[in-house]
Every structure is written in C-alpha cells, then in structure tokens.
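Below: one structure, written as structure tokens.
Read the figures in this text as sums done on the coordinates, not as results from a lab. Quick caveat: nothing in here was measured; it's all calculated off a predicted structure. Cβ placement follows ideal geometry from the backbone for every residue including glycine, while neighbour counts extend to all protein chains displayed.
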Amino acid sequence: MNSENSLYRVQSQPFKNDLRLPSSKSHSNRALIIGALRGKNFTVENLSTSTDVVTLLACLEKVGLKISKKDSTIIFLNSFPDCESDTLQEIIDLQTGDGGTTNRFLLALLSLGKKTYRFFPTEKISERPILDLINPLKKLDVEIKTESDVRLDKAWISIKGPAQFSLQQPLEINCSKSTQFASALKLAFCQKSIQFEFKNIKASETYLKMTDFVLAETKNRNIFYVPVDFSSLSYPLALAIVEGQVLIENCHEVDPTQSDSKFIALIEKMGGDISFSTNGLRASSKNKLTPFEVDISEFPDLAPTLAFLASRIEGESILHHLEILRFKESDRLEEIIKILKLFQVDFDYNSQADELKITGSFKKILPINVSTARDHRIVMTAYLFLHANSGGGLSHSDCVDKSFPGFFKVMQSSL
C-alpha cells in the first residue's frame, strides 16, 4: 500500500492516539560527521532510521569507515580521512540520496580526503542550491567538478582534496539560501584551525545553533544521544489540536536546539490544549484555537503544517517570509498553494510582501485523491488535510521515510 506507485488510502476519523516519535535526523547527521572525524569508539545512541541518515551512514562505510551497529546504537572504530588507506579504489562512487544534509555534510567532509569521490544523488537534490558550499571549498584548493563542467558519467559532483588551510582571512560562506552550508563546514573542519564569516543568514539560524550545540556536547565526550524529532512532532500535534487527542510518550520537554520545537509555544499562543507530564506531551482539541501571525524564516519546515492549521482555524492567519520554501525538496510554497486550492481554502499570497493570508473555516469537501510533489513534508501535510476532511487517496506515500519512518502506522488512531 505504501509503494511509490500506489495511493495510500486515508480514512477520515477522530484522531486519538498514544505514540512514540522518531529521533531527530538533523541531530543524527551532525553526530555522524563528528563520529567520522573522531573515530576511537565514538558512539551515537538512538540514531534516526530516516532514509537521509541511513544513506549517509552507508556512504561513510563506502569511504572506508568501520562502524559497529547494534539496534539504534553505532560505534565508529576508525576515522576519516585516515580510513582512506583501507579502500582500494582511487575513484569512489557514492549513492547519496536526496537529503540536503546528507549531500552537503558529506561533500564538506570528503574535502579532507585525497581520493576522488563522485556523487550520484536522487530526486531533485541536483537542482537545489550547492554553489555556496562549492565556492568556499574551492578557496581551500579542493578540486570540485560538476556536471556542468565536464561529463562525469552522470555524476552530479566530483570532489578531490585534501583541503588546504592556509587562508590568511576568514572563509566566507553565503547562507542566504541555507545555513546547511555553514553547518557542513563547521562540522567537517571542527578539528582544523580556521575562521568563518557567515553572510546573509536570513533563515534557519537555529539549525546553525544546533550544530554548535552538538559540537559543544561532543567536545569532551565520546558519546552523543539523539533526541526526539520535533519536526515530526508537528504532524500528530496539529491533527490532535483540531480534531482529537494525542500523547507523545517519548517527549518530556522542549528541545531549544531544534527550531521546530517552537511549535509548542505557537500552539500555546493559539490557545491550544497542550501540556507536559511525566507520561509525555499531551494535546487535544478541547480548546478553541485563535488565528495566528508568524514569521516562518526561523522554522521553514513547519510552514506546511502551519498552513494546515490556519485552514482549520476560523479567521485569518498570516505566514510571513515564505520565499525560503522554494529551495527545499520541492517548491514548497507552490505546493502549499496547490493544496489550499484543492481543499477549497480561501487564501491570498502577496509575492511582493512575501506573505500568505489563509482564512480558515470548518467546512469539509468530499473525498478526493491528492497527488503532490515527491516531498516528504508536503506528503505528510496532504495527509493532515485528507484526514481532517473526508479522506481519500494520497500519492508518493513512500517519501515520508525520508524524515518520519512509519508515519502512517504511527498516525493511525489506537484508542
């Protein structure tokens, strides 16, 4: 039922559930890069099973890292780039998937090596911004070729180091399209003597702070425990506060290192019924919600979920600074607008002001089939719309494993 070519059938029913959320893929991929550099039995516990993390782990093994695995715990037995001596090939091809952190973090890490690494990604990652990471690496004498430079046998990028750290001035990184470029370099070069100058940080600054947190937590410790994923948290919470109840059993406090944890405060500001206890995080639709106005630049991954909430809250809600959404796995702004139209939600997008006004109501439409872009967050948001309306079919259900493995099973009511 969850295969790429079939429609997942979404049922319309009250949402009542006790559940456990996956661990953070953002923390996991940061910890993997640190482990790759550290070796010496560096341990990551509660590792995410999202496809982005699984793909990065497989790539790290392909470049020569020896990694012990047991359940959700992994141990790095050697380190990069020393592990290059254990690989025979001088050119190593890597299947890098479609993850932003997977590809960008890996590119920065491999700039420390002497061998040639070729990236073969999937989906639309090759269409997403990357030059703001490539350009700083080239300033460190890293040899990088892209498919636009020469024919690389269908490879997206070819990289060969090692990076040279002889710059007399700070290395500039343009973060206008993503702070992942800054995080990638901070992580990869955490053992090097180098200064950075981050320019044009317009969105997702909290993710850069997350990188600083993980680096600080592991500076004098050889172990990192991955917390629950607050991006995944938004979907069951959003559904619960509009039409049901939920208990998140493995969430007991807000994680300030995750920008999406601000969703808790947003719900409280809307008047939502939400509270922490020793049993976990509980939320319900007991309270009437009020319209909201929010700048999504700090937490762009929440934008689709917030658009869903706005559609179910009577009155006008406003989302500001959405342009950053155009550089994700899909043009998420365009996809959100498509979904609003499909479910007959009144809205107005002002491109000049970069704001989306959504007028919510309690009206429902008949069951429909929804075909979205192959974008995990858009697919999960479409699920919320279908569930809160009259159900229907949902395409590309396999995409959710990118960040929320088992999403559909977790979201099924159990009470």
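Largest first, the three principal axis extents of the alpha carbons in the stretch 30-160 are 42, 30, 25 Å in whole numbers. Partner aspartates and glutamates whose Cα lies under 19 Å from the Cα of Lys363, excluding those fewer than 8 positions away in the same chain, are identified as Glu243, Glu314, Glu316, Asp346, Asp348. Residues in the stretch 162-177 carry Karplus couplings, in order, of x, 4, 10, 9, 10, 4, 8, 10, x, 7, 7, 10, 7, 9, 5, 9 Hz; the curve used is 6.51 cos²θ - 1.76 cosθ + 1.60 with θ = phi - 60°, and Gly or Pro positions show x. Here's the list of aspartates and glutamates a cross-link from Lys402 could span, going by alpha-carbon distance under 16 Å and ignoring same-chain residues fewer than 8 apart: Glu4, Asp52, Asp98, Glu123, Asp229, Asp301, Glu329, Asp375. Each of Ile337, Ile33, Ile264 was scored by other Cβ atoms within 10 Å of its Cβ. Arranged with the fewest first, they read Ile337, Ile264, Ile33.
Checking the Cα-Cα distances for Lys25/Lys66; Lys25/Lys69; Lys25/Lys115; Lys209/Lys288; Lys338/Lys364 against a 23 Å cut-off, the pairs over it are Lys25/Lys115; Lys209/Lys288. In this structure the amide hydrogen of Ile157, modeled in the peptide plane, comes within under 5 Å of the amide hydrogens of Phe119, none closer than 5 places in sequence on its chain.
Residue by residue, the stretch 346-361 carries 3J(HN,Hα) couplings of 6, 7, 8, 9, 9, 5, 5, 7, 6, 9, 10, 9, 10, 9, x, 7 Hz when phi is fed to the Karplus relation 6.51 cos²θ - 1.76 cosθ + 1.60 (θ = phi - 60°); x denotes Gly or Pro. The helix-only estimate of mean residue ellipticity at 222 nm for the chain, built from DSSP H runs of length n ≥ 4 each weighted as -39500 (n - 2.57), is -9500 deg cm²/dmol after division by the residue total. Using a/c under 1.5 as the rounded threshold, could you call the stretch 134-281 rounded, prolate or oblate? The axes a ≥ b ≥ c are square roots of the C-alpha gyration tensor eigenvalues, and prolate needs a/b larger than b/c, oblate otherwise. Prolate, since a/c reaches 1.5 and a/b exceeds b/c.
Going from the residue with the fewest nearby Cβ atoms within 10 Å to the one with the most, Ile368, Ile134, Ile91 rank Ile91, Ile368, Ile134. Between the amide H of Thr372 and those of Ser395, distances stay under 5 Å, these residues lying 5 or more places away or on another chain, with hydrogens modeled in the peptide plane.
Listing Arg377, Arg20 from fewest to most neighbouring C-beta atoms within 10 Å gives Arg20, Arg377. Across the chain, the convex hull enclosing all Cα atoms gives 142 Å³ per residue.
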